[in-house]
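Working notes, beginning with the structure itself.
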Amino acid sequence: MRVGIVGYPGSGKSTVFSALAPGGKADQKVSFGNIKVPDARVEGLAAIFHPKKTTFAEITFMDVGSAGKVGGAFSPDVLQTMRNVDLLVHVVRGFDNPTLPTPPDPIRDEKAFNDELLLLDLGVLEKRVERMKKERKLGAELDVTQKCLSHLEGGEPLRTLVLTEEEQKALGPGIQLLSQSPLITLYNLSEQAWSDAANAGLREVKRGKQAVSMAICGAIEAEIAAMPTEEQKDFLDGLGLGEPARNVFIRAAYEMLDLISFLTAGPDECRAWPIRRGTVARKAAGKVHSDIERGFIRAEIYRLEDLREAKTEAALKSQGKIRVEGKEYVMHDGDVVNFRFNV
Ligand SMILES: Nc1nc2c(ncn2[C@@H]2O[C@H](COP(=O)(O)OP(=O)(O)O)[C@@H](O)[C@H]2O)c(=O)[nH]1
Ligand SMILES: [Mg+2]
């Protein structure tokens with residue numbers, strides 16, 4: 001999963017980046033950092049199989065930027081990166097930054113950013129309609145483009161417009177509309193606002209249509225992320241926080257993108273594989289290798305809890321606790337799978 005951290009200058013993007021992706025590297029233009037998605041099931045399997053390799057799902061964070069000032073236009077580089085992520089995180093300043101001329105105004109910044117995404121999509125779609133009309137390309141593509149346009153003209157982002165599978169297909173895979181991409185708005189609060197009990201509600205994840213908001217204190221979280229693991233726990237306990245904001249963020253992102261994970265396990269590798277909810281076994285097999293998808297025979301599936309009890313796969317099998325599923329089986333979160341295939 002690729003996550004783009006965007007926001008106006010001085011909103012705390014780089015601070016949030018180091019909280020979410022500690023140890024990330026600074027490239028010439030964008031900083032990027034990979035983190036492992038914590039998964040107790042992968043650890044549970046590794047404790048049983050003692051594999052050569054243990055592989056967690058990964059998230060790549062990028063510190064992207066947005067515009068030179070609130071309400072300004074985004075540069076082509078920034079746009080290019082924003083169009084190529086699975087999820088946008090908009091960092092909104094909620095603290096006094098002495099280097100900036102204005103006090104924090106989260107509502108203003110959030111609106112300026114969201115309006116800019118709408119305008120950019122409007123521009124892209126208007127051009128498209130013009131071209132299609134000129135080329136007399138009437139049909140499904142024009143219809144859905146116009147449907148999107150009128151939704152945007154109503155002041156709503158495309159993520160709140162429900163399109164059928166056919167409409168989405170007609171719109172085409174090559175078009176990356178920014179107001180359609182999933183968005184997490186992250187209110188970056190001052191230490192005082194963060195510790196103020198009156199703001200406790202802000203810290204909870206709020207869910208909307210394909211959009212989520214949550215509050216953090218980037219400065220505190222960046223400090224936590226830089227500590228050795230043992231110290232982190234004490235520090236979090238002291239603040240009355242059960243876990244770092246990174247974990248809350250990851251869960252919110254998985255939920256919003258409707259991701260679940262299946263697992264594979266053996267002496268070579270224990271690994272988590274993120275997939276969209278609703279993915280069928282044969283498609284899931286393709287994540288592991290395209291040969292397995294092509295030559296799919298069946299999926300043999302069990303649960304970690306059952307393996308813990310039975311101790312070995314052989315014992316599980318003799319107890320009849322390994323299910324055999326076909327290519328159309330809809331995968332469940334936490335399925336441990338052996339794919340059988342021939343090439
Ligand atoms: N008080 C406070 N200051 C912060 C917080 N997050 C960032 N800052 C400060 O705001 C300034 C700008 O942060 P930075 O991450 O560089 O912002 P960027 O321009 O969006 O990348 C720095 O001086 C940070 O230390 C926060 O949560 N609370
Ligand atoms: Mg920065």
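The values are calculated or read from the model by the stated rules, or taken from the named source; none is laboratory data. All values reported here derive from a predicted model rather than from experimental measurement. A quick note on method: Cβ atoms are made from the backbone with ideal geometry, for glycine too, and the neighbour counts reach across all protein chains shown.
One table, with the values for the structure above:
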item: Counted residues, the range 16-71 - those being of a type in the set (Ser, Thr, Tyr) and surrounded by fewer than 20 Cβ atoms within 10 Å (Cβ to Cβ); result: 4
item: Every residue from the range 164-198 that is more than 16 Å from ligand 1 (Cβ to nearest atom) and in contact with a Cys (Cβ under 8 Å, 6 or more places away or on another chain); result: LEU171, LEU177
item: Residues located in the range 127-144, provided they are within 29 Å of the chain's Cα centre (by Cα) and not basic (Lys, Arg); result: GLU141, VAL144
item: Options ASN97, ASN34: the member that is within 21 Å of the chain's Cα centre (by Cα) and of a type in the set (S, T, N, Q); result: ASN34
item: Filtered residues of the range 201-231 (kept if within 16 Å of ligand 1 (Cβ to nearest atom), closer than 22 Å to GLY33 by Cα and in a helix (DSSP H, G or I)); result: GLY218, ALA219, ILE220, GLU221, ALA222, GLU223, ILE224, ALA225
item: Residue in the range 278-301 that is at pLDDT below 95 and among the aliphatic types (A, V, I, L, M) present; result: no
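For every residue, the table says whether it meets (1) over 20 Å from PHE17 (Cα atoms); (2) surrounded by 15 or more Cβ atoms within 10 Å (Cβ to Cβ).
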| residue | (1), (2) |
| --- | --- |
| ARG203 | no, yes |
| PRO228 | no, no |
| LEU236 | no, yes |
| LEU241 | no, yes |
| GLY266 | yes, no |
| PRO274 | yes, yes |
